[in-house]
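Engineer: A single structure is presented below for examination.
Just so you know, all these numbers are worked out from the coordinates, no wet-lab data involved. If you're wondering where the values come from, they're calculated on a predicted model, not measured in any experiment. Here the Cβ positions follow ideal geometry from the backbone for every residue, glycine too, while neighbour counts run over all protein chains shown.
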Amino acid sequence: MNLFADMPLQLPDAELDFHPHWLGAERADQWLKALYQQTPWQQPQVQLFGRTHPVPRLLAWYGDEGVGYRYSGLYHPPLTWTPLLAEIRAQLSAFVGQPLNGGLLNYYRDGQDSMGWHSDDEAELGRNPIVVSLSLGGSRRFDLRRKGHQRIEHSLQLDHGSLLVMRAATQHYWQHQIAKTRKPCAPRLNLTFRYLLNGEGSNHG
Ligand SMILES: O=C(O)CCC(=O)C(=O)O
Ligand SMILES: [Mn+2]
């Protein structure tokens, strides 16, 4: 748990701002319900050690025209922003003071859905990418470790309506994950908005 609400996290070589109550509960409920219903969720297959597995979550990629994304080895053209997503994108862009032209939606159906260790360091995100991550629904633990190390250095609980902003060199030095958990947890919808310099690239397992 982060006891210092709305304070930057003091991790070396990282720039993380956490806003645990960015969105009020009522609005967060509305957005969760609408986004879940409006999204054409996909569950792509990934190749791992020569075998094919479904990605352990549902996902969808939205973006400005031509801003496609490569995940799980497949190129995904952008879905067109819905009015709600355009509104969320505009609010977040105003909040961080930077343009955002793409957004990955992830839906974790239960504790067995997850996202493995990775950095958001794909070339098309540029040198010091901003990643703006809004969490809705069930709380999940977000872990951080240094690249090349196993030990988890810091964890945050990403609750309904919380916003995590990663900037600067964070992706060079740190990896993050949403681990599987046996604890019962409600479905969770996460949106990560980014700014891509050009349309293609990227890989998320
Ligand atoms: O679900 C989360 O909070 C993490 C999502 C994430 O790391 C990503 O989309 O790159
Ligand atoms: Mn990520």
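Engineer: Would you mention how many residues in segment 35-64 are touching a helix residue (DSSP H, G or I) at 6+ places or on another chain (Cβ under 9 Å) and loosely packed, with under 14 Cβ neighbours inside 10 Å?
Structural biologist: Qualifying residue count for the region: 1.
Engineer: Given the options Asn101, Asn106, name the one that is over 24 Å from Ala186 (Cα atoms), within 16 Å of the chain's Cα centre (by Cα) and polar (S, T, N, Q).
Structural biologist: Asn101
Engineer: Something else about it: Identify, please: which residue in segment 168-201 is more than 12 Å from ligand 1 (Cβ to nearest atom) and in contact with a Leu (Cβ under 8 Å, 6 or more places away or on another chain) and is, among those, farthest from Ile88 (Cα to Cα)?
Structural biologist: Taking the candidates together, the pick is Leu197.
Engineer: Would you mind stating whether Arg109 is within 13 Å of ligand 1 (Cβ to nearest atom) and either in contact (Cβ under 8 Å) with a residue 60 or more places away in the chain or surrounded by 16 or more Cβ atoms within 10 Å (Cβ to Cβ) (or both)?
Structural biologist: yes
Engineer: Same structure, new question: For the condition within 11 Å of ligand 1 (Cβ to nearest atom), among the small types (Gly, Ala, Ser) and under 28 Å from Asp64 (Cβ atoms), what is the one hit in Gly161, Gly137?
Structural biologist: Gly137
Engineer: Now for a different question. Considering only segment 123-153, state which residues are in contact with a Lys or Arg (Cβ under 8 Å, 6 or more places away or on another chain), under 24 Å from Pro44 (Cβ atoms) and either within 16 Å of ligand 2 (Cβ to nearest atom) or part of a strand (DSSP E or B) (or both).
Structural biologist: Leu125, Pro129, Val131, Val132, Ser135, Leu136, Gly137, Arg140
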